[in-house]
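Heads up, the thing below is written out as structure tokens.
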Amino acid sequence: MAEEKGEKYEFQSEVKQLLDILVYSLYKNKEVFLRELVSNAADALNKMQFEFLTVPDLEGKDQELKVTIEIDKKRGILVVEDNGVGMSRDELVKNIGTIAHSGTLDYLKRLQEGEKGGAVDLIGKFGVGFYSSFMVAREIRILTRSWQKGAGAWRWTSTGESSYTIEAAEKEGRGTRIELLLKKDEKEYLEAFRLRGIILTHSKFVPFPIYLDQERIERRDAVWTQPRSKLADKDYVEFYKFLENSQEEPETWLHLQSDAPVQFHALLYVPKTSFELLGLMKEEPGVDLYSRKVLIQKGSKEVMPEYLRFVKGVIDSEEIPLNISRETFQSNVRVEKIRKHVVRKLLEHLEALKEKERGKYLAVWKNFARNLKEGTVNDFENREKLSQLLLFQSSRTAGDERIDLKQYAGRMAEGQKEIYYLGGSDRGAIERNPALEIFRKKEQEVLFLTDPLDEFVVDHLREFDGKPFKMAESADIPLEEKAGDEEAHREAGDLVTYLKATYGDQVEDVRVSKRLVDSPCILLNPADGPSLQMEKIIRMVNKDYPLAKRVLEINPGHPLIRRMTALHKADPAAPLLKALALQLLDNMKLREGILGDTEATIARIQEIMLQAGERGTE
């Protein structure tokens, strides 16, 4: 209907419901209204910049393209203004009318309900983002004038209830001025420090200056969109310090620019410090998602896998379909392609670092080894690449030296078909393990797994370069040689039978060892059974978890076993023989940390000591 001051338009009956969904349900934080208005202003400035480049002799080229924000506390008004392309009357109706287009309500309902279909890229769409301002405003006024020669100015006014008006107006120069008459309980948005914080959070990389009450807000160039050839190391370092608000330099970084299969820019950093390693809380995802240099999601969980949460930086793409709030985006093939591409390139970057700058990679490994191991367990798609990044101590390394699996495979002994490993609480404990003796003798390298997570890693890998992993304590390792002479082996056979009867169901089996050189005996894991270290981890979660019965092997050439063999030959019922037999098994249990009845063991040790003392005084 026509009015004296302009034309009044009634919203469709469903628009009020639509506004309720948009304003009160989809946006999680009210402050994003300012991000939307600044983004719309930047879009208008971008278009104006394009016109300056394509239209010769266009007036106003000497004007600074900018966004201006003004606060009027007395009247309770917040103003966001730009000198971009502005809008004609028809453009004003069309752009603001976007919210009332057919099907918009159904679309918003689907987004509210979490439906992933029908995603639309809404960045730069003036109407929808603009209406988020009704979260804080009781009335909105738009004063706009198109850049086209001879264009007039127009005013749009609405309370967001049932109607809006459009009327002719007066305005000097092109551009759009938006006045928000704030609600009584939204006065925080009349405080300069509050607005500055919002801008620095969401819009600090907008490629146009932003003025707040005539003061220019600090901004930074979006380094990630610049060609790598024009950037020096100091540019990357300075940007990292700005991004993380830190004086610490990054350990390494990766700058990606891709046009296919999806257009995006990415700048990723690996820090020098791991807060998780320092014992602090688990880190939140560190890669922020931008679209056209506007922050969409802080610490996005969708664009990087969980185990790479330590990586910092930015991913920016214009092709990501967003929901109405820009705070989350619909999972689709383009997002997945960005994720796959970025993860693959980052892992390849770390692999190159390992090969070419070993010192830097060792620093990365020291801080984030557990993250990469976590990825090896959980990321099946990239497991092969992650396996290339793993480092281990071994029976051939010393101190802090580490080798990777490629190095191990390259120096395997002739005829060796498996990758051998041993787990333990630390290097010293592993080196004292009798299972190492035969490998030292045969000069075969054994990986040392000192981190409980290591065994989960090799269990999930199963093999590397076609060579299966094999626990050095496994009872079914094929051995071609005997330790000791054949006579001793034959004589120990009767002792083995005795020990089986004495131990009963405490062990899976007793047998003469082919692997021991210096130790009297060893407890071995049954074939394909879990290691004792793994079982201990399981018991932390389930204290009733039963330990697997193990195989006891004895070394017939060891003086203690020779003495027990002689005792058994002389008198199979000798009390001392039984005490020695029981103590032999308890010694292994004690070494492995699984001894149960310590009182009985102590009493037996004292009895053996007493008998030894009496023999010594004879």
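The values are calculated or read from the model by the stated rules, or taken from the named source; none is laboratory data. These numbers come from a predicted model, not from an experiment. Because the Cβ atoms are built from the backbone with ideal geometry, glycine has one as well, and the counts that use them run over all protein chains shown.
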Taking region 253-285 and the residues there that are touching a strand residue (DSSP E or B) at 6+ places or on another chain (Cβ under 8 Å) and crowded, with 21+ Cβ neighbours inside 10 Å, the one that is farthest from residue 228 (Cα to Cα) would be 271
Keeping to region 171-181, report how many residues are under 17 Å from residue 37 (Cα atoms) and either without any contact (Cβ under 8 Å) to a residue 40 or more places away in the chain or surrounded by fewer than 20 Cβ atoms within 10 Å (Cβ to Cβ) (or both).
1
Just to be sure, is residue 422 part of a strand (DSSP E or B) and surrounded by 14 or more Cβ atoms within 10 Å (Cβ to Cβ)?
yes
Subset of region 215-232, residues in contact (Cβ under 8 Å) with a residue 40 or more places away in the chain and assigned to a loop (DSSP other than H, G, I, E, B), comes to 222
Against the condition surrounded by fewer than 23 Cβ atoms within 10 Å (Cβ to Cβ), part of a loop (DSSP other than H, G, I, E, B) and in contact (Cβ under 8 Å) with a residue 12 or more places away in the chain, how does residue 61 come out, does it pass?
no
Before we move on, is residue 62 over 18 Å from residue 172 (Cβ atoms) and at pLDDT 85 or above?
no
Here are the criteria: (1) closer than 29 Å to residue 551 by Cα; (2) crowded, with 20+ Cβ neighbours inside 10 Å. Tell me which single one residue 405 does not satisfy.
(1)
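Conditions (1) farther than 26 Å from residue 65 by Cα; (2) at pLDDT 95 or above; (3) in a strand (DSSP E or B); (4) in contact with a strand residue (DSSP E or B) (Cβ under 8 Å, 6 or more places away or on another chain), marked per residue:
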{"site": "119", "(1), (2), (3), (4)": "yes, no, no, yes"}
{"site": "124", "(1), (2), (3), (4)": "no, no, no, no"}
{"site": "127", "(1), (2), (3), (4)": "no, no, no, no"}
{"site": "132", "(1), (2), (3), (4)": "no, no, no, no"}
{"site": "139", "(1), (2), (3), (4)": "yes, yes, yes, yes"}
{"site": "142", "(1), (2), (3), (4)": "no, yes, yes, yes"}
{"site": "150", "(1), (2), (3), (4)": "no, no, no, no"}
{"site": "155", "(1), (2), (3), (4)": "no, yes, yes, yes"}
{"site": "164", "(1), (2), (3), (4)": "yes, no, yes, yes"}
Selection status of residue 515, under 16 Å from residue 472 (Cα atoms), surrounded by 21 or more Cβ atoms within 10 Å (Cβ to Cβ) and either in the same structural domain as residue 422 (by TED's automatic domain parsing) or over 39 Å from the mean Cα position of the chain (by Cα) (or both)
yes
From the list 254, 243, 277, pick out the single residue that is in a loop (DSSP other than H, G, I, E, B) and more than 16 Å from residue 292 (Cα to Cα).
277
